[in-house]
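Novice: First the structure, then my questions, so here it is.
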Amino acid sequence: MSKPLQHYISSAPFNPVDDEALTPEQERYYLASQWKMMWWRFKKHKLAVIAGIVLFLSYSTIFLTEILAPYNLHSRNSDFIYAPPQSIRFFHNGQFEGPFVYGLKYRLNMDTLKREYTDDLTKVEKIRFFCSGDSYKFWGMFRANVHLVCPSKNGTLFILGTDRLGRDMASRLLYGGRISLTIGLIGITISFLLGISIGGLAGYFGGWIDNVVQRVIEILRSLPELPLWMALSAALPANWSPIWIYFGITIILGLLDWPGLARAVRSKLLALREEDYAVAARLMGARPSHIIARHLLPNFMSHLIASATLSVPAMILGETALSFLGLGLRPPVTSWGVLLAEAQNIEAVALYPWLLLPMLPVIVTVLAFNFLGDGLRDAADPYH
Amino acid sequence: MISYFVRRAGIMALTMLAISVLVFIIIQLPPGDYLTTYIEELRSQGETVDPNKIAYLRAQYGLDRPLTEQYFVWLWGMLHWDFGYSFEFDLPVSDVVGNRLWLSMVLNFTTVIFVYVISFPIGVYSATHQYSWSDHGITLLGFLGLATPNFLLALILLYLANIIFGTSIGGLMDPKFINQPWSWAKALSVLEHLWVPVVVIGTSGTAGMIRRLRANLLDELQKQYVITGRAKGLSELKLLLKYPLRLSLNPFIADIGSLLPQIVSGAVIVSAVMSLPTTGPMLLSALQSQDMYLAGSFLMFLALLTVVGMFVSDVLLAILDPRIRLEGGVRR
């Protein structure tokens, strides 16, 4: 006969709430703020993160354009009209030389009247770094001549070729980015403010205000955008200074874009204003503007930011299209659209295809904004 | 049903009225009325201005009267097929426009058809093969299609045609048919040239439509009735065709509202780039020379095109989808 099994008794102190205790990981999750959870969610969206980095980098070039560009916006190299892109090399005759380009040899083809450039294999033009080159006024404030990269003395450095006046395309692209990238941001700010205030009015007060706003939105959305943009920007007085034209265009872009945002704000507000906390605030005598701004807007701010991100590309494309057609910005102000306007001459493009290069930054920026917006939209609602 | 249509038609008329106010304001925006611009231009060319003509035009359009009255004169004229006077061409607008309006309509209509025909099979395929390589490829292409502005696509195509074939693919017909009366040969030639701009304009719309159709169909495919059907042993094809596909077709018609303005917008700039004999290039040149009456009638026409298109889509949707039809009836 075996001994009865000894009953096991743990000597550890017994804590009845042990079961409900959270692991540190769970605790971190439950205590995280809304924005922190959005950040976690956003980080999982790899494409959006990459797009965010790309956009961050391109927007940071805006601050240093003058230094990053090897040439100035308007410096002409009259000996090198329609020069092709020079490729950067490292080895000359099998020997390491550091980054350099071969000099250009120019010949006018008398049969086709095409300008032909060939690499001059005897001329090794070393690229200089942190060097002095074209003198510029940094942000229009003080004179300087420091560049990140410059051509060698008496040499050339056209990484992306030159245009019909011998201006360096790479530098012009960088300067154009300054205009094209900011125009979308200013435009979206205008449309954001309009959308929130108009949509807020309609959603919070309802009734006839809501009706009127709804009709206006419907009408604006049924209109083809581009022809209207064209008509409005054609109406800008021709004697305005370039900077006024720039602001005029941003306002035009913003004026037609708000309906989408206003609609989103309205439908959210309609649902939220009946919530208990909104009623409580109203009973305590809070003003409508306070209730909207303090209690209701924060609820869906993240959604608004996401949808605003998704409509920046439309603005950038709008400006590009308008300038391309000659109705938007005009030289000497240079945006990607202004640069592309030179590509309208399709015969020139067939001979000198690098004139089409300003397309690339446009497409990359638009794609990046789309991916970023998608990621933000998914992250905007972290509790799902 | 009929009362729903009447109501929709009423809304459409009101919308057009509101748009006409908007367009009139835009016409009036440039400083000075158009006659002063006109006289200015003639003077700068050293020509004398016939005072009789100016007086006639002033009376014709009531430029001495207040703005509100001018608006009604303009509106009244438009209702009687009198769109004002184009100064660039020195002709009434209705004579200048000619058959550009028809070609524009043909172009836009064909593009809508193209968007449907292409996006339908691709969208269905992409939804039924979710997360396969082809699905990812289609999604990537779709993103590219959405991100590439159509006038850049037009430029690229023009460029490629120029280096590969050495010819220009601009235009909507063989040069020999320009200014010729309509004939079968001319119509065929238009059809031959039409596909390039149609593809260019339709790309982004197609990409968007594929994404929507895919999303809708995916939603439907996860519903319980589909699982029930599969459990009962229905074949996959029948399971797809019987309900989910029909339900997910709604956006095809409902989205005309967002598709049409997009296509009309795209058609304007693409025709300007490819110099098609449609309204686009003429609208552009009218705007550049501030020939505002001509521009205004083009704007009205483009708006009319989208508004009528939306009306048609609403009517079709009401016929196809009883939920909308009944709601209209209840509200009454």
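Novice: Return the inverse of the average 1/r over all pairs of distinct C-alpha atoms in the range A:2-59, which is the Kirkwood hydrodynamic radius, in Å to one decimal.
Specialist: After inverting the pairwise mean of 1/r, the radius is 16.4 Å.
Novice: Using only Cα atoms and rounding to the nearest 10 degrees, what angle (0 to 90) does helix A:297-325 make with the longest principal axis of chain A?
Specialist: Value to nearest ten degrees: 20.
Novice: Same structure, new question: If the cut-off is 20 Å between C-alpha atoms, which aspartates and glutamates fall inside it for residue B:186, apart from same-chain ones fewer than 8 positions away?
Specialist: Cα-Cα hits under 20 Å: B:174.
Novice: Return, for the Cα atoms of chain B, the radius of gyration and Dmax in Å, separated by a comma.
Specialist: Radius of gyration, then largest Cα-Cα span, for chain B: 24.4, 87 Å.
Novice: What ranking of A:150, A:131 emerges when the number of other C-beta atoms within 10 Å of each C-beta is taken as an exposure proxy, fewest first? Walk me through the intermediate numbers first.
Specialist: On the way: A:150 20, A:131 16.
By the 10 Å Cβ count, ascending, the order reads A:131, A:150.
Novice: Mean 1/r over all different Cα pairs, inverted: what Kirkwood radius does the range A:299-373 give, in Å?
Specialist: Hydrodynamic radius (Kirkwood, Cα only) of the range A:299-373 equals 13.5 Å.
Novice: Please compute the average number of Cβ atoms from other chains found within 10 Å of each residue's Cβ in peptide A:234-244.
Specialist: Values: counts 13, 11, 2, 3, 3, 1, 0, 0, 0, 0, 0.
What the average comes to for A:234-244 is 3.
Novice: Under a point-charge model restricted to the Cβ atoms of Lys and Arg (+1) and Asp and Glu (-1), what is the dipole moment magnitude of the protein assembly as shown relative to its Cα centre, in debye to the nearest 20?
Specialist: Roughly 1380 debye, rounded to the nearest 20.
Novice: Can you put B:300, B:282 in order of Cβ neighbours within 10 angstrom, beginning with the fewest? Each step should come with its number before you reach the end.
Specialist: Working: B:300 19, B:282 24.
So the ranking, lowest neighbour count to highest, is B:300, B:282.
Novice: Tell me the mean residue ellipticity at 222 nm calculated for chain A from its helices only (DSSP H runs of n ≥ 4, each -39500 (n - 2.57), averaged over every residue, nearest 500).
Specialist: Only helices count here, giving -17500 deg cm²/dmol.
Novice: By a straight-distance test (C-alpha under 29 Å), which lysines pair with residue A:114 as possible cross-link partners, with residues fewer than eight away in the same chain excluded?
Specialist: Within the straight-line cut-off, residue A:114 pairs with A:105, A:123, A:126, A:153.
Novice: Output the peptides A:339-347, A:317-325 sorted from most to least packed, where packing is the average of other Cβ atoms within 10 Å over each peptide's residues.
Specialist: With the highest mean Cβ count within 10 Å placed first, the list reads A:317-325, A:339-347.
Novice: Give me the lysines in straight-line cross-link reach of residue A:268: C-alpha distance below 28 Å, same-chain residues under 8 apart excluded.
Specialist: Residue A:268 reaches A:36, A:43, A:44, B:223.
Novice: Shifting gears a bit: Counting partner chain Cβ atoms within 10 Å of every residue's Cβ in B:142-150, what's the average?
Specialist: That average works out to 5.
Novice: Give me Rg over Rh for the range B:176-247, both radii from the alpha carbons and Rh done the Kirkwood way, two decimal places.
Specialist: Ratio value, two decimals: 1.35.
Novice: Just need the relative contact order of the range A:86-157 here, percent rounded to a whole number, with Cα pairs under 8 Å and 6+ apart. Provide the component values of the computation, followed by the final result.
Specialist: Details: 119 pairs, mean separation 17.7, N = 72.
Relative contact order, the range A:86-157: 25 percent.
Novice: Right, another one. Could you list the square roots of 5 times each eigenvalue of the Cα gyration tensor of the protein assembly as shown, that is, the equivalent ellipsoid semi-axes, sorted largest first and rounded to whole Å?
Specialist: Details: eigenvalues 439, 332, 164 Å².
So the equivalent ellipsoid measures 47, 41, 29 Å along its semi-axes.
Novice: Further question on the same structure: Given the options B:218, B:284, B:320, which has the most mean-square fluctuation in a GNM of chain B, springs set between C-alpha atoms less than 10 angstrom apart?
Specialist: Comparing B:218, B:284, B:320 in a Gaussian network model of chain B, the most mobile one is B:320.
Novice: Once you average over the residues of B:155-163, how many Cβ atoms of partner chains fall within 10 Å of each Cβ?
Specialist: 4
Novice: At 0.890 mPa s and 25 °C, plugging the Kirkwood radius over alpha-carbon pairs of the range A:204-248 into Stokes-Einstein gives what diffusion coefficient in µm²/s? It would help to have the intermediate numbers written out before the result.
Specialist: Values: Rh = 13.0 Å.
Result for D is 189 µm²/s.
Novice: Still on this model: Rule-of-thumb check for chain A: C-alpha Rg over 2.2 N^0.38 Å?
Specialist: Working: Rg = 29.4 Å, N = 384, 2.2 N^0.38 = 21.1 Å.
It is 1.39.
Novice: Contact order normalised by length for chain B, with contacts defined as Cα pairs under 8 Å and 6 or more residues apart; what percent is it?
Specialist: 27 percent
Novice: Compute the angle between helix B:256-274 and the longest alpha-carbon principal axis of chain B, please, reported from 0 to 90 degrees and rounded to the nearest 10.
Specialist: Roughly 50 degrees between the two axes.
Novice: Would you work out if the range B:195-332 is rounded, prolate or oblate? Take a ≥ b ≥ c from the square roots of the eigenvalues of the alpha-carbon gyration tensor; rounded if a/c is under 1.5, else prolate when a/b is larger than b/c, oblate otherwise.
Specialist: Note, shape of the range B:195-332 comes out oblate.
Novice: Any idea what the relative contact order of chain A is, in percent, if you count C-alpha pairs under 8 Å spaced at least 6 apart?
Specialist: Relative contact order, chain A: 20 percent.
Novice: Just to be sure I follow: if Rg is taken over the C-alpha atoms of the range A:86-157 and Rh is the Kirkwood radius over the same atoms, what is Rg/Rh?
Specialist: That ratio equals 1.12.
Novice: Another question, then. Using only Cα atoms, tell me the angle between helix B:292-320 and the longest principal axis of chain B; keep it within 0 to 90° and round to the nearest 10.
Specialist: 30 degrees
Novice: Taking 2.2 N^0.38 Å as the expected size of a compact globular protein, what ratio does the Cα radius of gyration of the range A:45-195 give against it, to two decimals?
Specialist: The value comes to 1.27.
Computed from the coordinates by the stated procedures, all read-outs in this text should not be read as laboratory data. Just so it is clear, the structure is predicted and the values come from calculations on it, not from any experiment. Here Cβ is always computed from backbone atoms with ideal geometry, including for glycine, and neighbour counts include all displayed protein chains.
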